[in-house]
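Asks: Once you've had a glance at the structure underneath, I'll fire off some questions.
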(Lines give C-alpha, C1' and ligand atoms only; values in the text may rest on other atoms or scores of the structure.)
Protein backbone atom coordinates (compact mmCIF):
# COMPACT_ATOMS: atom_id res chain seq x y z
CA UNK A 1 0.00 0.00 0.00
CA UNK A 2 2.80 2.40 0.81
CA UNK A 3 5.24 3.36 -1.88
CA UNK A 4 6.04 5.89 -4.54
CA UNK A 5 4.05 4.53 -7.47
CA UNK A 6 1.48 6.81 -9.03
CA UNK A 7 -1.26 4.32 -8.18
CA UNK A 8 -0.58 4.51 -4.45
CA UNK A 9 -0.19 8.31 -4.49
CA UNK A 10 -3.49 8.89 -6.33
CA UNK A 11 -5.67 9.11 -3.17
CA UNK A 12 -3.21 11.54 -1.64
CA UNK A 13 -3.13 13.70 -4.74
CA UNK A 14 -6.90 13.65 -4.99
CA UNK A 15 -7.32 14.70 -1.36
CA UNK A 16 -4.81 17.52 -1.91
CA UNK A 17 -6.82 18.71 -4.87
CA UNK A 18 -10.02 18.59 -2.83
CA UNK A 19 -8.37 20.62 -0.04
CA UNK A 20 -7.28 23.24 -2.57
CA UNK A 21 -10.80 23.49 -3.96
CA UNK A 22 -12.19 23.82 -0.42
CA UNK A 23 -9.85 26.74 0.27
CA UNK A 24 -10.96 28.45 -2.94
CA UNK A 25 -14.62 27.89 -2.07
CA UNK A 26 -14.12 29.15 1.50
CA UNK A 27 -12.34 32.38 0.57
CA UNK A 28 -15.25 34.39 -0.88
CA UNK A 29 -17.76 33.61 1.90
CA UNK A 30 -18.49 36.29 4.46
CA UNK A 31 -18.06 34.54 7.76
CA UNK A 32 -16.52 35.94 10.91
CA UNK A 33 -15.86 32.70 12.75
CA UNK A 34 -12.31 31.35 12.81
CA UNK A 35 -13.67 27.80 12.73
CA UNK A 36 -13.44 27.57 8.93
CA UNK A 37 -9.83 28.74 8.84
CA UNK A 38 -8.82 26.44 11.69
CA UNK A 39 -10.57 23.47 10.07
CA UNK A 40 -8.91 24.09 6.72
CA UNK A 41 -5.53 24.59 8.40
CA UNK A 42 -5.97 21.30 10.29
CA UNK A 43 -6.89 19.53 7.06
CA UNK A 44 -3.87 20.95 5.22
CA UNK A 45 -1.48 20.08 8.06
CA UNK A 46 -2.93 16.57 8.24
CA UNK A 47 -2.46 16.20 4.50
CA UNK A 48 1.16 17.37 4.77
CA UNK A 49 1.81 14.93 7.64
CA UNK A 50 0.35 12.00 5.71
CA UNK A 51 2.38 13.05 2.67
CA UNK A 52 5.55 13.12 4.76
CA UNK A 53 4.87 9.66 6.16
CA UNK A 54 3.39 8.04 3.05
CA UNK A 55 6.49 7.39 1.00
CA UNK A 56 8.81 5.93 3.63
CA UNK A 57 8.67 2.62 5.43
CA UNK A 58 10.63 3.07 8.66
CA UNK A 59 11.78 0.21 10.85
CA UNK A 60 9.70 -0.71 13.89
CA UNK A 61 11.99 1.24 16.19
CA UNK A 62 11.76 4.38 14.07
CA UNK A 63 7.99 4.37 13.74
CA UNK A 64 7.28 5.76 17.21
CA UNK A 65 9.64 8.70 17.01
CA UNK A 66 8.94 9.53 13.38
CA UNK A 67 5.16 9.47 13.71
CA UNK A 68 5.23 11.39 17.01
CA UNK A 69 7.51 14.06 15.56
CA UNK A 70 5.57 14.49 12.33
CA UNK A 71 2.27 14.59 14.27
CA UNK A 72 3.56 17.19 16.72
CA UNK A 73 5.00 19.38 13.95
CA UNK A 74 1.76 19.14 11.98
CA UNK A 75 -0.24 20.03 15.10
CA UNK A 76 2.01 22.99 15.86
CA UNK A 77 1.55 24.21 12.30
CA UNK A 78 -2.24 24.44 12.50
CA UNK A 79 -2.47 27.78 14.33
CA UNK A 80 0.09 29.67 12.19
CA UNK A 81 -1.49 28.33 9.01
CA UNK A 82 -4.95 29.32 10.29
CA UNK A 83 -3.64 32.83 10.99
CA UNK A 84 -2.20 32.96 7.47
CA UNK A 85 -5.55 31.88 5.99
CA UNK A 86 -7.37 34.49 8.10
CA UNK A 87 -4.96 37.22 6.98
CA UNK A 88 -5.28 36.14 3.36
CA UNK A 89 -9.08 36.20 3.55
CA UNK A 90 -9.11 39.58 5.26
CA UNK A 91 -6.71 40.99 2.67
CA UNK A 92 -8.71 39.67 -0.27
CA UNK A 93 -12.00 41.05 1.03
CA UNK A 94 -10.51 44.52 1.70
CA UNK A 95 -13.25 45.71 4.05
CA UNK A 96 -12.87 48.79 6.20
CA UNK A 97 -12.99 46.50 9.24
CA UNK A 98 -11.17 43.16 9.33
CA UNK A 99 -13.10 39.90 9.08
CA UNK A 100 -11.55 38.59 12.31
CA UNK A 101 -11.17 40.50 15.55
CA UNK A 102 -7.97 40.70 17.56
CA UNK A 103 -9.56 38.49 20.22
CA UNK A 104 -10.22 35.76 17.64
CA UNK A 105 -6.65 35.96 16.38
CA UNK A 106 -5.30 35.85 19.93
CA UNK A 107 -7.45 32.84 20.83
CA UNK A 108 -6.11 31.04 17.76
CA UNK A 109 -2.54 31.77 18.84
CA UNK A 110 -3.31 30.57 22.37
CA UNK A 111 -4.37 27.17 21.01
CA UNK A 112 -0.94 26.34 19.56
CA UNK A 113 -0.04 24.09 22.48
CA UNK A 114 -3.39 22.27 22.34
CA UNK A 115 -2.97 21.66 18.62
CA UNK A 116 0.62 20.46 19.13
CA UNK A 117 -0.32 17.96 21.83
CA UNK A 118 -3.28 16.80 19.75
CA UNK A 119 -1.01 16.26 16.76
CA UNK A 120 1.44 14.33 18.94
CA UNK A 121 -1.33 12.05 20.19
CA UNK A 122 -2.69 11.50 16.69
CA UNK A 123 0.84 10.72 15.50
CA UNK A 124 1.27 8.15 18.26
CA UNK A 125 -2.10 6.65 17.32
CA UNK A 126 -0.90 6.44 13.72
CA UNK A 127 2.23 4.64 14.92
CA UNK A 128 0.10 2.09 16.77
CA UNK A 129 -2.00 1.58 13.65
CA UNK A 130 1.07 1.23 11.43
CA UNK A 131 2.70 -1.30 13.76
CA UNK A 132 -0.55 -3.25 14.14
CA UNK A 133 -0.84 -3.56 10.36
CA UNK A 134 2.62 -5.11 10.17
CA UNK A 135 1.83 -7.88 12.62
CA UNK A 136 -1.20 -9.20 10.74
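The values are calculated or read from the model by the stated rules, or taken from the named source; none is laboratory data. Please read all numbers here as calculations on a predicted model, not as lab measurements. With ideal geometry, Cβ positions are generated from the backbone for all residues, glycine too; neighbour counts draw on all protein chains shown.
Asks: Could you give every pair whose Cβ atoms fall below 7 Å, whose first residue belongs to region 1-21 and is within 17 Å of residue 49 (Cβ to Cβ), and whose second residue is at pLDDT 85 or above, counting only separations of at least 6 or pairs across chains?
Replies: 12/50; 12/51; 15/47; 16/47; 19/43; 19/44; 19/47
Asks: Would region 97-119 turn up any residue that is modelled with pLDDT of 90 or more, buried (at least 17 other Cβ atoms within 10 Å of the Cβ) and within 21 Å of residue 12 (Cβ to Cβ)?
Replies: Within region 97-119, one or more residues are modelled with pLDDT of 90 or more, buried (at least 17 other Cβ atoms within 10 Å of the Cβ) and within 21 Å of residue 12 (Cβ to Cβ).
Asks: Quick check on my filter: what residues within region 88-100 are free of Cβ contacts under 8 Å to residues at least 40 places away in the same chain and either touching a helix residue (DSSP H, G or I) at 6+ places or on another chain (Cβ under 9 Å) or not in a helix (DSSP H, G or I) (or both)? Show your work before the answer.
Replies: First pass over region 88-100, keeping only residues free of Cβ contacts under 8 Å to residues at least 40 places away in the same chain: 90-91, 94-98.
Residues satisfying the conditions are 94, 95, 96, 97, 98.
Asks: For region 101-136, give me each residue that is part of a loop (DSSP other than H, G, I, E, B) and under 30 Å from residue 69 (Cβ atoms). Please lay out each step first, then the result.
Replies: Going through region 101-136, the residues part of a loop (DSSP other than H, G, I, E, B) turn out to be 101, 111, 136.
Listed by number, the residues that qualify are 111, 136.
Asks: Tell me whether region 64-81 contains one or more residues that are outside any helix (DSSP H, G or I) and over 19 Å from the mean Cα position of the chain (by Cα).
Replies: Within region 64-81, the subset outside any helix (DSSP H, G or I) is none.
Looking for residues that are outside any helix (DSSP H, G or I) and over 19 Å from the mean Cα position of the chain (by Cα), one finds none in region 64-81, hence no.
Asks: Oh, and also: Given the criteria surrounded by 16 or more Cβ atoms within 10 Å (Cβ to Cβ), under 21 Å from residue 35 (Cα atoms) and modelled with pLDDT of 95 or more, does residue 78 qualify? Give the steps one after another, and end with the answer.
Replies: Details: surrounded by 16 or more Cβ atoms within 10 Å (Cβ to Cβ): yes; under 21 Å from residue 35 (Cα atoms): yes; modelled with pLDDT of 95 or more: yes.
Here the answer is yes, as residue 78 does meet what is asked.
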